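The values are calculated or read from the model by the stated rules, or taken from the named source; none is laboratory data. The structure presented is a predicted model; accordingly, all values stated were derived computationally and were not measured. Here the Cβ positions follow ideal geometry from the backbone for every residue, glycine too, while neighbour counts run over all protein chains shown. Just the protein is used for accessible areas: all its heavy atoms, side chains included, with ligands, DNA and RNA removed. Shrake-Rupley method; radii C 1.70, N 1.55, O 1.52, S 1.80 Å.
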Amino acid sequence: MRNWPLTELSVTTPRLQLRHPSLDDVDELADRAAEGIHDPGYMPFLFPWSDTTPEERARNVVQYQFRAWGSFSVDSWTIELAVVHEGRIVGVQSINAKNFPVTREVETGSWVAQRFQGQGIGTEMRRAVLHLAFAGLGSHYAVTTAFEDNHASLGVTKKLGYKEDGIALHARGDKPVIVHRFRMAREDWTESPGFEIHNLDRCLPLFGLSS
């Protein structure tokens, strides 16, 4: 798309491709969400968008993607990258920031369809987005959060070398739950071999960066 170069942005790893989703990709992401992301009765997300019917989960994914596209600005942006494994979309890896040219701080989040969990995909896609953040965008920090009982997310975060950055209380339904915050500084990031960023140069002005 000539006037929106983000559509050409991608990151490749030894097993995965993370790419700005096409309309067909959004449809497939919605299918993955409809199939299921987590066990019934458990909520890993701060906003419980997945706690509904399969059809509504699918629509939530589509609408969120469109909102991310439409609200993108230098001052506040979110990119939702479709994660492709063996030719099939398996989840999404997000990266977002506010006032990035000043703060040089990004936040990440993700989900993997339940039937693709437990294969190391979550770790590899997080490594990929950190590569985009530090090697591509020149970030100084990357932050992330997880509920205290989201053991999969906490495991990935600790494996990659984030440092604890405090806690917060969040209302999950009618009960309080602890949210753990984590931070990684650029100097604590370790570059992974075989990770490559594609078609970033034309996108840099959208982030307020020079190409």
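Expressed as a whole percentage, what fraction of the accessible surface of the chain belongs to carbon and sulfur atoms when a 1.4 Å probe is rolled over the protein heavy atoms? Numbers along the way, then the final one.
Numbers: 5380 of 10840 Å².
Result for the chain: 50 percent of the exposed heavy-atom area is carbon or sulfur.
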Using only Cα atoms, locate the centre of the stretch 1-37 and the centre of the stretch 104-156, then give the distance between them in Å, rounded to an integer.
16
Please work out the FRET efficiency for the pair residue 201 and residue 4, using the Cβ-Cβ distance as r and a Förster radius of 22 Å; give the result to the nearest 0.05.
0.90
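Just by accessible area at a 1.4 angstrom probe, what is the order of 187, 55, 148, 124 from largest to smallest? If you can, show how the numbers build up before the last one.
On the way: 187 150, 55 115, 148 85, 124 25 Å².
The most accessible residue leads, giving 187, 55, 148, 124.
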With every protein chain left in place and a probe of 1.4 Å, what is the accessible surface of residue 77, to the nearest 10 Å²?
0
Under the helix-only model (-39500 (n - 2.57) for each DSSP H run of 4 or more, divided by the residues of the chain), the mean residue ellipticity at 222 nm, to 500 deg cm²/dmol, is -7500 deg cm²/dmol
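Please work out the FRET efficiency for the pair residue 67 and residue 104, using the Cβ-Cβ distance as r and a Förster radius of 30 Å; give the result to the nearest 0.05.
Details: r = 24 Å, r/R0 = 0.82.
Between residue 67 and residue 104 the formula returns 0.75.
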Please list 211, 71, 110 from largest to smallest accessible area, probe radius 1.4 Å, with all protein chains kept in place.
211, 71, 110
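Assuming R0 = 22 Å, what is the FRET efficiency of residue 35 and residue 179, from their Cβ-Cβ distance, to the nearest 0.05? The partial results should precede the final answer.
Working: r = 27 Å, r/R0 = 1.21.
The computed FRET efficiency comes out at 0.25.
Find how much the distance from residue 191 to residue 55 grows on full extension, using 0.36 nm per residue of separation minus their present alpha carbon separation; answer in nm with one decimal.
Full extension from residue 191 to residue 55 adds 45.0 nm.
Let me know the shape class of the chain, please: from the alpha-carbon gyration tensor, a ≥ b ≥ c as square roots of the eigenvalues, rounded when a/c is under 1.5, otherwise prolate if a/b is greater than b/c, or oblate. Working shown, then result.
Numbers: a/c = 1.43, a/b = 1.16, b/c = 1.24.
Rounded.
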Ignoring ligands, DNA and RNA, what accessible area per residue does the chain give at 1.4 Å, in Å²?
51
Give the peptides 129-138, 195-204 in descending order of average Cβ contacts within 10 Å, highest first.
129-138, 195-204
Sequence of 162, 141 from largest to smallest accessible area, 1.4 Å probe:
141, 162
HN-Hα J in Hz across the stretch 176-184 - Karplus 6.51, -1.76, 1.60, θ = phi - 60°, x for Gly and Pro
x, 9, 7, 9, 8, 9, 9, 9, 10
Nearest-5 percent of antiparallel DSSP beta bridges in the chain?
95
